[in-house]
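Taking it in order: structure first as structure tokens, then the write-up.
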Amino acid sequence: MQKTKTTVISKQTSTAFKTGAEQTALYLPLLKGKRVGMVVNPTSVIGKTTTVDSLLKLGVKIVKIFGPEHGFRGNASAGVHVDSEVDTKTGIKVVSLYGKQSTPSKENLADIDVMIFDIQDVGVRFYTYINTLQHVMEACAANGKEVMIFDRPNPNGFVIDGPILDPKFKSGIGLQPIPVAHGLTVAEYAQMLNGEGWLKDQLKCKITIIKNANYNHDMPYELPVSPSPNLNTPQSILLYPSTCLFEGVYVNHGRGTKFPFTVLGAPYYKGIYNFSFTPIGIKGMAETPIFKDEICYGIDLRNYDTSVFRKTRQINIQWLMELYQKSPKKEDFFNTKLSKEMGTIEKLIGVADFRQQIIDGKSETEIRASWEPGLSKYKEMRKKYLLYP
């Protein structure tokens, strides 16, 4: 196995927090005279300007842009394939990594010396940008290209919880044996991909990391830009590790509203819950949500005190347990045939026994016990790759 080649660049000149991208003095000398590719989306910003536009102004030679799910400018809905195009603002070719291809080809990389990865993650296994990172690292490793990572905070960095993904349930929303909430920044995860030999053919990618300045995993971090169209509030980002599990059950979790991931409900809870909302088709967010144009009754989490997660450092599975117990249609709860908007609960949670545990009415303590010893082993392994306290 090749030795991992990692360069970590950081400089503490003050006590002010800064993302990797904001510390231009650290990396501009390294990009001089190089042809640069960039894996970016709307979260790739320096201040209020996109990293692409900022670096072009600073004389960086950007020859190609690679866009993940939702596209480079962020105008595609969740799960919708994105086509390659030319960016109208800069005239630079944009290669989509969420459509016909998920990995840059040899041809895509031929005229690139270094690939910059600058995308905001939210610290959850089923959030697809860490998969994009893996595909980019694999392609660059296979073609002898360096990846430079502009690190950004993980807004859920204080939570490491959930079962470890069983390889049987590997999918586009989970590639590696990590828990639901992994507690890593993108750069730390890149080190784990290299260090654990998880890249295809156990390749090692040469990475240069521009660290966050004055950051720690417990630090509250409010994102300057929504990380994707359906994570549009700080509340939704903190609830996401818990409420995204509802994509695997016959319940609407706010898709088709202006407040996704913060409300939960279905028409069949009428008379059981007083709170209600009506999902509609919203372009760029959710065109065909589950229970579209039907009144859904359930739970409103928009004012839920998310500081509880900092205390417990756990995802909430009580809401899913409660909605199953109160459902008058228990036989439909996990039935993916009822809506093409439903995912498979096993792929989301990552293990085979969760569905049956909910059906059998197991306690939270019993369910959590089944996540061990995997979760504890992961927490220990994670320590090797930490860049921040």
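The values are calculated or read from the model by the stated rules, or taken from the named source; none is laboratory data. Computed from a predicted model, the values in this text were never measured in an experiment. Cβ: placed from backbone, ideal geometry, glycine included. Neighbour counts: every protein chain shown. Areas reflect the complete protein model, heavy atoms only, side chains present, ligands, DNA and RNA absent. Shrake-Rupley method; radii C 1.70, N 1.55, O 1.52, S 1.80 Å.
Observations
- From S242, S236, residue being open to solvent by less than 30 Å² (accessible area, probe 1.4 Å), closer than 16 Å to N303 by Cβ, in contact with a Gly (Cβ under 9 Å, 6 or more places away or on another chain) and not in a loop (DSSP other than H, G, I, E, B): S236
- Figure legend. Inter-residue proximity from region 8-37: first residues in a strand (DSSP E or B), second residues open to solvent by less than 30 Å² (accessible area, probe 1.4 Å) and small (G, A, S), beta-carbon distance below 9 Å, spacing 6+ or different chains. Indicated pairs: V8/A187; I9/G20; K18/A213.
- Among (1) farther than 22 Å from T243 by Cβ; (2) open to solvent by less than 20 Å² (accessible area, probe 1.4 Å), the one test that I345 misses: (1)
- Each residue in region 369-389 was checked for being within 30 Å of P153 (Cβ to Cβ), in a helix (DSSP H, G or I) and aliphatic (A, V, I, L, M), and 2 pass.
- Taking region 98-111 as the range and being open to solvent by 50 Å² or more (accessible area, probe 1.4 Å) and either assigned to a helix (DSSP H, G or I) or closer than 17 Å to V36 by Cβ (or both) as the test, the residues that pass are K106, E107, A110, D111.
So that you can scan it fast, the table gives a plain yes or no per residue for (1) on the phi > 0 side of the Ramachandran plot; (2) in contact with a Cys (Cβ under 7 Å, 6 or more places away or on another chain):
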residue	(1), (2)
S102	no, no
S105	no, no
G123	yes, no
F126	no, yes
M137	no, yes
I160	no, no
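- Of all residues making up region 292-313, the number that are out of contact with any Phe, Trp or Tyr (no Cβ under 9 Å at 6 or more places or on another chain) and open to solvent by less than 70 Å² (accessible area, probe 1.4 Å): 5
- Selection from region 245-263 of residues that are in a loop (DSSP other than H, G, I, E, B) and touching a residue at least 40 places away in the same chain (Cβ under 8 Å): V249, Y250, V251, F259, T262
- Wholly within region 273-368, helices (runs of 4 or more DSSP H) carrying at least 1 residues that are among the acidic types (D, E): 318-326, 345-349
- One residue from P289, P279, P229 being touching a Gly at 6+ places or on another chain (Cβ under 8 Å) and at pLDDT below 95: P229
- The residue that is modelled with the lowest pLDDT, among those in region 159-180 that are over 23 Å from E366 (Cα atoms) and open to solvent by 10 Å² or more (accessible area, probe 1.4 Å), is G172.
- Restricting the first member to region 186-202 and to residues that are of a type in the set (F, W, Y), and the second to residues that are in a helix (DSSP H, G or I) and buried (at least 21 other Cβ atoms within 10 Å of the Cβ), the beta-carbon pairs closer than 7 Å and six or more apart or on different chains are Y189/I130; Y189/L133.
- Taking the numbered list (1) in contact (Cβ under 8 Å) with a residue 60 or more places away in the chain; (2) buried (at least 16 other Cβ atoms within 10 Å of the Cβ); (3) not aliphatic (A, V, I, L, M) in turn, K384 passes all entries but (2).
- Subset of region 82-97 [part of a loop (DSSP other than H, G, I, E, B), out of contact with any helix residue (DSSP H, G or I) (no Cβ under 8 Å at 6 or more places or on another chain) and either among the β-branched types (V, I, T) or at pLDDT below 85 (or both)]: V82, D83, S84, T88
- One residue alone among K3, K64, K100 is modelled with pLDDT of 95 or more and basic (K, R), and that residue is K64.
- The set of residues in region 264-280 that are open to solvent by 40 Å² or more (accessible area, probe 1.4 Å) and without any contact (Cβ under 8 Å) to a residue 40 or more places away in the chain comprises K270, G271, N274, F275, S276, T278, I280.
- Region 121-145 - residue that is small (G, A, S) and touching a strand residue (DSSP E or B) at 6+ places or on another chain (Cβ under 9 Å) and, of those, surrounded by the fewest Cβ atoms within 10 Å (Cβ to Cβ): A141
- Some residue of region 28-42 being closer than 23 Å to S96 by Cβ, over 27 Å from the mean Cα position of the chain (by Cα) and either surrounded by 14 or more Cβ atoms within 10 Å (Cβ to Cβ) or not basic (K, R) (or both): yes
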